[in-house]
Amino acid sequence: MAHELEPEPPPSAKRELERYHLVADTVGLVPNIRRRDNLIQAAVVGGGTLPCIAVGAILNGVEGALTGALGGLIVFGVGSGLVLMVVGLLRASKRGRGG
């Protein structure tokens, strides 16, 4: 069964998407809609939070697991967000230099 290809977006839509990414990378305050970035962040947050839940459960049962989950989500969510912010700034600076 052959997969149908999605139609190519018009050039104006591509330009608008590039502008959006530039604003997201340099100014911030808008959601990052890059699929790859979001999948990487989900993997980091999930992969980092699971051990926190396990350690919390071992140390203090259900309450420890909940505390570990909250701590893991905060630490890995903020940490991966900061890394993606730096990566976005580097992307934007490369684009500005024509790279």
Pairs needed: first member in region 73-87, in contact (Cβ under 8 Å) with a residue 24 or more places away in the chain; second member anywhere, among the aromatic types (Phe, Trp, Tyr); C-beta distance under 9 Å; at least 6 residues apart or different chains.
none
When Ala43 is run through (1) in a helix (DSSP H, G or I); (2) surrounded by 13 or more Cβ atoms within 10 Å (Cβ to Cβ); (3) within 14 Å of the chain's Cα centre (by Cα), the failure sits at (2)
From the option list Arg95, Arg15, Arg36, Arg19, single residue qualifying as assigned to a helix (DSSP H, G or I), basic (Lys, Arg) and modelled with pLDDT of 90 or more is Arg36
When (1) in contact (Cβ under 8 Å) with a residue 60 or more places away in the chain; (2) in contact with a Cys (Cβ under 8 Å, 6 or more places away or on another chain) are applied to Ala69, the one that fails is (1)
A careful count of residues in region 59-92 that are more than 15 Å from the chain's Cα centre (by Cα) and at pLDDT 95 or above gives 14
For the structure I just gave you, tell me whether Gly56 is surrounded by 14 or more Cβ atoms within 10 Å (Cβ to Cβ), more than 23 Å from the chain's Cα centre (by Cα) and either in a helix (DSSP H, G or I) or among the hydroxyl-bearing types (Ser, Thr, Tyr) (or both).
yes
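The values are calculated or read from the model by the stated rules, or taken from the named source; none is laboratory data. What you see is a predicted model; the values in this text were computed from it and never measured. Backbone-built Cβ (ideal geometry, glycine too); neighbour counts: all protein chains shown.
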